[in-house]
Amino acid sequence: MPFLYLKSRLTRSASGLVLTLLLAVLAWFFCLYAGLEARKAEEREDAWDIPVELVITDLRGTKSDQLHVYGSALWAFMDAESETDQFFTVPRVDLPAWFSQIRVKSTLYFKIRQPGAPADFRELVGITSLDTVQDFDPRLGTAKAEFFDGASTEFYEAHGTALIIPETYLELTREGEDGRLYLPMTVSTTLNGSGTTFSWEAEVTGVYTGSDSTAIYCAWPLAAKLMEQAGIDAFADSISATVADARRLDELGELLKYYFTDPDPAGAPVENPHDYLHINYAFASVIHDETLQETLKSFDRSIATLKRLRPLLLILEMSVAASAAFFSVHMRKRELSVARSLGTPQTAVVLTLLEETLIFSVIASAVAVGASLAVPLCVLSPFYMAAIDLAALAGTAAGGLKVTGRSGILSLKEET
Amino acid sequence: MTLTLENVSFSYRTRYQTVNAVKDVSCAFEAGTFSALVGRSGSGKTTLLSLMAGLEKPDSGTITVNGESMAQADIDRLRREQVSVIYQNYNLFPLLTVLENVMYPLLLKKMPRKEAEQLARKTLARVGLDAGYYKRLPAMLSGGEQQRVAIARTLASGTEIILADEPTGNLDGENARNIVDLLKGLAHEDGCCVVVVTHDTGIADQADAVYRMDSGALTLDQDLG
């Protein structure tokens, strides 16, 4: 078939342009789909970065759905030597490097009572010190701490008793002779008030709003001072560690089992001959990573569904490409029959049609690659793009053979 | 160049019946003659033309082109070199320009492009289409102009047997006359064998021979040669 026919198709044909765009969209859509799959896999990997907190606390302490290690293990990990000490001495526990990011959170439960208020007027609040420990070195057993609000050490040295309180507690404060606000408190170290009780007050240096929380925040040195004043039996202390790599949760479980006690979801105490701390814990340590597991399962389900649908999508796209190519040829039944009636051999017509579709496919692939590169989500899928192009070629061949056969050429007779 | 039919019969099946469209037809169309094939609708004219053009194969009988049996010949070569058809609907390539449409059969015969272009220009000039038409697409032409391009394409292809099926069916009186003049010229000046299927008595009146089809049978109605 003379080249000018192919040239006219490439330069003047609207249907050729439509076919090219359609093939490009199909190829691009598959790249997008592949990208979606890849993104899901990436998100699944990212799910491991969900912070999983290790919380060591007693039964009444901070709730965590991630991991509980019961008992006063806090003291094994963290020994406040003075109220302004930024450095906690940690026992020489042979912790792996991934365990190096620890956030220390100490929650003390106190009861405060407004002076002069009726005896039954009591509110339960907590004093929390939330510090970030960096450069934790398990070999040296040291770590560097920063205060929860990012304030400088100097600030807390100057305001050693500084508190940040909810706005609703402002009415409980009194103004001191120095013009500063103070919060008087009756501190009890147990929830039921049976523990040590003493009166105490601290300067209020900040107020927060917009929260229903009744927690009173202070820096660790103050919390430590209070615990010291209340005696070592202050309850509900906790230490929380953000596990940097949640893939190591199993390893962490093993570690806890070694240093504390055997994990036992049923809560049955198990004697641990390796108990490094030699503390007879009454409770089991359990890793609760349901949230992480649920997240991972959700991603697994999505990824599996996408993988299952991929062949169906490919078949669908190949069918669309083949049908579009077939009808693109079929629409030209008359002119192709004319070509045949002028003596163009059937093979020449079909080969020209295939050549045409091949060129359209190459252009479509180039467009699809360009579009895929422009959209970060897309992942180039040469195999699937080629499969779509092959389907288009198959559709073209089928259409070409049909319209250039006997029935095709007879259409000229029917029309006259 | 002679187109000969000997005892040619052809039937086809419709949904309800078998139609004997051509019954034992024998005739010969000679070079340099302009023949008309007339008859009522459904009489088998177009079917006979299709058989002569090689679009259909006869059930029995033989059709020969200059002594070469169509059944045994390479039909594609025959269409390229010896037999061409002009249709009522012109059947030009919609995406090729006027010049390219005429060049098509020449390039198909492997004629060098430059030569083909020169010949196409010459042929178009002969059918009355000047350079202003060369780059137009068929859709930009009137029916008469399109039919002229179709005739130019046939003329350029150099085939000596030209079959035309109602070539003026879609044209007005003046355009139809021009087309008939062109076809007559092909027969009388170029020595082609021209067979025209028509309802138009005006065309039949100008033919050298008029054949009438009636229920598949062919009779020589008038021989003016």
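Other chains near B:76-85: what is the mean number of their Cβ atoms within 10 Å of each residue's Cβ?
Partner-chain Cβ atoms within 10 Å, mean over residues of B:76-85: 4.
Considering only the other residues whose Cβ falls under 11 Å of the Cβ of B:Val195, what net charge follows from Lys and Arg at +1 and Asp and Glu at -1?
-2
Name the residues of the range B:88-107, by number, that are at least 40 Å² less accessible with every protein chain in place than in the isolated chain; the surface is that of heavy atoms, probe 1.4 Å, without ligands or nucleic acids.
B:Asn89, B:Asn91, B:Phe93, B:Leu95, B:Leu96, B:Glu100, B:Tyr104
What angle, in degrees between 0 and 90 and rounded to the nearest 10, separates the Cα long axis of helix B:143-157 from the longest principal axis of the Cα atoms of chain B?
Helix B:143-157 sits roughly 80 degrees off the main axis of chain B.
To the nearest 20 debye, what charge dipole does the range B:50-207 have about its Cα centre, counting +1 at the Cβ of each Lys and Arg and -1 at the Cβ of each Asp and Glu?
740
Where does chain B land at 222 nm, in deg cm²/dmol rounded to the nearest 500, when only DSSP H runs of n ≥ 4 count, each adding -39500 (n - 2.57), divided by all residues?
-10500 deg cm²/dmol
Let me know the whole percent of all Cα-Cα pairs from chain B that are separated by more than 21 Å.
Summing the P(r) of chain B above 21 Å gives 54 percent of all pairs.
Just how large is the dipole of the range A:294-416 about the Cα centre, in debye to the nearest 20, putting +1 at every Lys and Arg Cβ and -1 at every Asp and Glu Cβ?
300
For peptide B:155-167, how many partner chain Cβ atoms fall within 10 Å of a residue's Cβ, on average?
Mean number of neighbouring Cβ atoms from other chains: 1.
For the interface of chains B and A, what total accessible area is buried with a 1.4 Å probe, rounded to the nearest 100 Å²?
Summing both sides, the interface buries roughly 2600 Å².
Using a ≥ b ≥ c from the Cα gyration tensor of the range B:1-86 (square roots of the eigenvalues), is it rounded, prolate or oblate, where a/c under 1.5 gives rounded and otherwise the larger of a/b and b/c decides, a/b for prolate?
In terms of gyration-tensor shape, prolate.
Could you tell me whether the range B:108-174 comes out rounded, prolate or oblate from its Cα gyration tensor? Rule is a ≥ b ≥ c as square roots of the eigenvalues, rounded for a/c under 1.5, then prolate if a/b exceeds b/c, otherwise oblate.
The shape class here is oblate.
The values are calculated or read from the model by the stated rules, or taken from the named source; none is laboratory data. Keep in mind it's a predicted model, so treat the numbers as computed, not measured. Neighbour counts are summed over all protein chains in view; Cβ atoms, including those assigned to glycine, are modelled from backbone coordinates with ideal geometry. The protein model used for the area step is the full one, side chains on, heavy atoms only, and it has no ligands, DNA or RNA in it. Shrake-Rupley method; radii C 1.70, N 1.55, O 1.52, S 1.80 Å.
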